[in-house]
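Read the structure below first, then the notes.
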Amino acid sequence: MTSESPDTTALRARVRELMPRAEEDLRALVAMRSVADPRQFPPEECAKAADFLVRAFTEAGLSDMRRVTTPDGTDAVVGHGKGPEGAPTVLLYCHYDVQPPLDDAAWRTPPFELTEVDGRWYGRGAADCKGNIAMHLTALRALGGPEGAGFPVNIRFVAEGSEEQGTGGLEQLVPLQPELFAADALLICDTGNFALGLPTTTTSLRGLTNVVVTVSTLKGEMHSGMFGGPAPDALAALVRILDSLRDEHGNTAIEGLPAEGLWDGVSYPAEQFRADAGVLDGVQLVGTGSVADELWARPAVTVLGIDCPPVVGSSAAVQARVRARVSLRVPPGTDAETARKALTDHLVAAAPWGARIEVEAESAGQPFRARTDGPAYTALGAALREAYGADMVQAGQGGSIPLCNVLADRFPDAEIALIGVEEPGCLIHAPNESVDPAEIERMALAEALFLRSYAGAFARPAGA
């Protein structure tokens, strides 16, 4: 590896000096219980987080920082920074809302108190996505602080306040106020590295469609001793329907939905996946493709929940009406609405015994594939290589970020890159979420290096 330039060495030192401040930022943010669901947490917690972002990013050098109410009633935080005349514009995205802590008893540390254990920082949102907020702040301070030279590009900043709830407020805001989002390169910082210390851009996202299927067989529950046997059991019918969604190997097997895709990016060794996913000893992985194929190039169906009597309190009765929530992830190349219709038709056709089936569509989002042949990706790859001392790899993500499609449709000439501080050990959305502070440091340096170098790599289209 060649020695780095004095400018890079100075920027690396500046980022390292700022890491105690990054920890302070993250400690304050994690303490705010910003779950964007008023049924669980008071809305004032989200408001506190939004106000923190307004103050912190103003101090970091951005202008006109403010809250903007989105159509779903939640607040985004927006602002901008001025670069040199003729410089390109970069959008920095993150979200400040978090998942609920789920089972408090399963946490080894208080979920809303940043706690260091064995070198990692634990707390809800420490990685997803408040760690990325700390990354943005550190990068901007490194460039524009007392020893910095100011912003080398124009900056637009957008922080979403309801991403985890999937209510689509920011997606609806894009066509209403496109000037808040218009940029030449958009850094969607809500993903992360394929493995700890391996610089990664996420270039593929699966789409999503959810449905609720209701199965009805009787006018009401009937005594299982007096009627069990010939009486059609709605729960048994539902079990058969749900079982039909996968074949004997565990592959998603929905009539009319292709499931043979192949992934051409970074490979995902099965043993690494077993460790990352916490698969129990002796339990097999499912599906006949590689792990990467199954995760990033093929549809995946999941039963998210079932409404039926719980074991505790259940009675000796044949069930009359039950329902399940079914989620289908769809890879790039498959239309989410077409997939939803295929799923709906499959559920109806799989019903045994003439059981009555109702299928209610819920949220849907299209899959996404990034364009990676432009100057932003070239500059980002070089920045990540400098920050990590390793070449950037491209990975997919099984999750969905509908905002990417909205932005790609609205700004077709812009490059969209998905990066962040998350990696498998973070356990996002689960108890004991954590972040490795070294990832915040390296990603903040990479972001600062990218913002500094992209201005020189960018060539504005003729006539723009």
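The values are calculated or read from the model by the stated rules, or taken from the named source; none is laboratory data. What you see is a predicted model; the values in this text were computed from it and never measured. Quick reminder, even Gly has a Cβ in these numbers, built from the backbone with ideal geometry, and neighbours come from all protein chains shown. Only protein heavy atoms, including side chains, enter the accessible area calculation; ligands, DNA and RNA are left aside. Shrake-Rupley method; radii C 1.70, N 1.55, O 1.52, S 1.80 Å.
Under the criterion of Cα pairs below 8 Å and six or more residues apart, the relative contact order for region 367-440 equals 29 percent. Considering only alpha-carbon pairs that sit under 8 angstrom and 6 or more positions apart, the relative contact order computed for region 285-408 is 24 percent.
Quick one: with all protein chains in place, what share of the accessible area of region 108-148 is carbon or sulfur, to the nearest percent (1.4 Å probe)? Taking all protein chains in place, region 108-148 shows 47 percent carbon and sulfur surface. Note on region 30-83: semi-axes of the ellipsoid equivalent to its C-alpha gyration tensor, largest first and rounded to whole Å, are 23, 13, 6. Remark: region 1-151 carries 43 Å² of accessible area per residue (probe radius 1.4 Å; ligands, DNA and RNA excluded). For the pair GLU255 and ARG385, label points projected 7 Å from Cα toward Cβ lie 5.2 nm apart. When the label point is put 7 Å from the Cα of LYS341 along its Cα-to-beta-carbon vector, which residues of region 235-270 have a backbone N closer than 15 Å? Label zone hits: 255-258. What does the C-alpha gyration tensor say about the overall shape of region 309-427? Classify as rounded when a/c is under 1.5, otherwise prolate if a/b is larger than b/c, or oblate. Prolate is the answer for region 309-427, as a/c is 1.5 or above and a/b outweighs b/c. Need one number: the % of Cα-Cα pairs in the chain sitting beyond the 36 Å mark. Roughly 32 percent, rounded to a whole number. Scanning the chain for GluC sites (Glu not before Pro) that sit in a DSSP loop and have at most 15 other Cβ atoms within 10 Å, the longest stretch containing none of them is 261-464.
Measuring only protein heavy atoms, the 1.4 Å probe finds HIS80 accessible over about 70 Å². Per-residue extension of 0.36 nm, minus the Cα-Cα distance of ASP247 and HIS223, leaves a gain of 5.3 nm for this segment. Taking a span of 24 Å or more along the helix axis (Cα atoms) and a mean Kyte-Doolittle hydropathy of at least 0.0 as the rule, the DSSP H helices of the chain that qualify are 437-457. The Rg/Rh ratio for region 1-143 is 1.02, where Rg is the radius of gyration of the alpha carbons and Rh is the Kirkwood radius.
Once the C-beta distance of ALA316 and ASP413 is scaled by a Förster radius of 56 Å, the resulting FRET efficiency is 0.30 to the nearest 0.05.
Excluding the site residues themselves, the longest part of the chain lacking any trypsin sites (Lys or Arg not before Pro) in a DSSP loop with at most 13 other Cβ atoms within 10 Å is 220-464.
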